[in-house]
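Novice: I'd like to ask some things about the structure below.
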Amino acid sequence: MEEQPPLSLSSASSENHSNPSDAVIFFGLSLTLGIACRHFLRGTRVPYTVALLILGIVLGSLEFGTNHRLGKIGDGIRLWSEIDPELLLAVFLPALLFESAFSMEVHQIKRCIAQMILLGGPGVVISTVFLGSLLKLTFPYNWSWKTSLLLGGLLGATDPVAVIALLKDLGASKKLSTIIEGESLMNDGVAIVVYTLFYRMVLGETFNWVAIIKFLAQVSLGAVGIGIAFGIASVLWLRFIFNDTVIAFGIASVLWLRFIFNDTVIEISLTLAVSYVAYYTAQESADVSGVLTVMSLGMFYSAFARTAFKGESQKSLHHFWNKEKEYKLFTEQ
């Protein structure tokens with residue numbers, strides 16, 4: 001049998017028209033469209049996030065639903081659509097969740113915690129049951145109750161990013177914004193836990209009431225515990241970084257800490273790194289909710305870690321996470 005010659009780069013590229021750089025082109029175009037929508041719709045009653053949503057639907061419909069391909073832009077759309085969703089969650093979710101929790105003010109959380117827990121806990125369960133029942137009784141797909149409740153749990157989470165931004169622009173009360181944002185954080189965490197429970201049921205696992213309560217307690221309370229543990233460890237580290245204190249972290253760490261004094265880069269990088277490490281530890285190693293873990297970590301930082309940052313470090317930290325919040329509005333559309 002005659003051996004086939006290897007494909008050349010030109011022939012390979014002709015068979016596969018997309019190029020990895022097309023994904024970067026589409027990302028840059030998306031940011032440009034977001035900036036343009038925010039600029040031209042400022043002062044109008046139309047939220048720019050709605051315009052971004054409509055533009056996204058139009059571009060996706062043209063690329064996937066018609067014969068009118070969008071060239072390099074369309075190739076970029078297809079590359080982004082084929083990315084593993086687990087990878088997207090692992091890359092974007094920890095930083096976004098930490099920012100939302102860290103930006104909340106402690107005294108407002110204490111005032112609104114009861115409403116946040118009520119809306120984010122029982123509210124999600126009620127929403128899941130209502131949506132699942134509606135799907136089961138309305139759509140002619142002959143789904144089981146487990147499948148219907150699975151989709152109900154998936155649809156039960158809310159995303160009030162645009163609403164919160166609009167409330168801040170309108171000068172609404174801080175309490176109202178805190179309730180909505182706090183409920184959204186807890187809502188996301190509880191919704192993922194509920195979704196995971198029904199997903200396992202759909203796959204064939206059996207749960208009685210005792211097993212359900214045990215699962216919910218393990219996944220939720222374990223996540224909160226891991227988040228607080230990471231918060232305590234990193235806050236202690238930050239205090240040692242600022243005070244240049246020699247404590248027995250080991251010879252290497254002691255030698256390292258001697259040369260660190262009020263280092264803004266290390267302090268900001270630590271808050272970013274610990275959110276990813278905590279998310280991975282909870283999600284992959286401890287089999288608990290990574291969302292609730294990072295949420296608890298961010299709230300712990302908001303309550304106890306602000307004093308670990310002094311002077312320019314604190315200003316730089318707030319500037320970094322405020323910029324991250326602005327980019328969040330673009331990446332979530």
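Since every read-out is calculated from the coordinates, none of them should be taken as a lab result. Owing to the predicted nature of the structure, the values given are computational and were not obtained by experimental measurement. Cβ: placed from backbone, ideal geometry, glycine included. Neighbour counts: every protein chain shown.
Novice: Show me 83-93, 175-185, 103-113 ranked by packing, highest mean number of other Cβ atoms within 10 Å first.
Specialist: 175-185, 103-113, 83-93
Novice: Return the FRET efficiency for the residue pair residue 105, residue 46: r is the Cβ-Cβ distance, R0 is 35 Å, and the value is rounded to the nearest 0.05.
Specialist: Approximately 0.70, to the nearest 0.05.
Novice: Once you place label points 7 Å from the Cα toward the Cβ at residue 277 and residue 27, how far apart are they in nm?
Specialist: The modelled label-to-label distance comes out at 2.5 nm.
Novice: Take the Cα gyration tensor of segment 17-81, multiply each eigenvalue by 5, square-root it, and list the three semi-axes largest first, rounded to whole angstrom.
Specialist: Sorted largest first and rounded, they come to 24, 14, 7 Å.
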